[in-house]
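Everything below concerns the one structure shown next.
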Amino acid sequence: MSDQPRSVPSQEDNLVSVISWKGVAIGSLVALGLSMTLGRLTAPVLQTNLGAQAAMLFASMFVGGLVAGKIAGRMGVIQGVAMAVIFILIGASVKAYVEIDLATQFGPQVLGPMDMGGLILGDLIHLIGACTGGWLADSLAARSERAAR
């Protein structure tokens, strides 16, 4: 996807300069589209199977991280992390909005206790899936560079 030569980061590169925001945005959109499509297609069958839902989310984040890393052309793992963090922040914002709306309509008793274990595991699924996809993008690029020599 990227015909640009892979550059090695210098000491002056900071984290913001190595993130390809275009790659992160496209990877996030791919992950969002894929997760929503898989969710809608399998909702009647896998409604109560949390493991299968997590596997679909992992696969979506993996593909999104791969796309972000391929578009960036370098540091795919960083692109995957950036994509996952944005995905997590947007998901948390949407969930908070829904819960605030429920609490204002029906009172705070309608909200159950916070599930920190589920929250941490969900975030780990996002991060590990996207990082693995970015790592694969880096590995494939390095392999093609070695083959070209």
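The values are calculated or read from the model by the stated rules, or taken from the named source; none is laboratory data. All values derive from a computational prediction rather than experimental measurement. Cβ sites come from the backbone with ideal geometry, for glycine too, and all protein chains shown count toward neighbours.
The condition of being at pLDDT 90 or above and not aliphatic (A, V, I, L, M) does not hold for residue 106.
Here's the yes/no breakdown for (1) touching a helix residue (DSSP H, G or I) at 6+ places or on another chain (Cβ under 7 Å); (2) under 22 Å from residue 50 (Cα atoms):
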site	(1), (2)
87	yes, yes
95	no, yes
103	yes, no
131	yes, yes
140	no, no
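Looking at residue 96 and the list (1) of a type in the set (Gly, Ala, Ser); (2) at pLDDT below 90; (3) closer than 30 Å to residue 138 by Cα, which single condition is not satisfied? Among (1) of a type in the set (Gly, Ala, Ser); (2) at pLDDT below 90; (3) closer than 30 Å to residue 138 by Cα, the lone unmet condition for residue 96 is (3).
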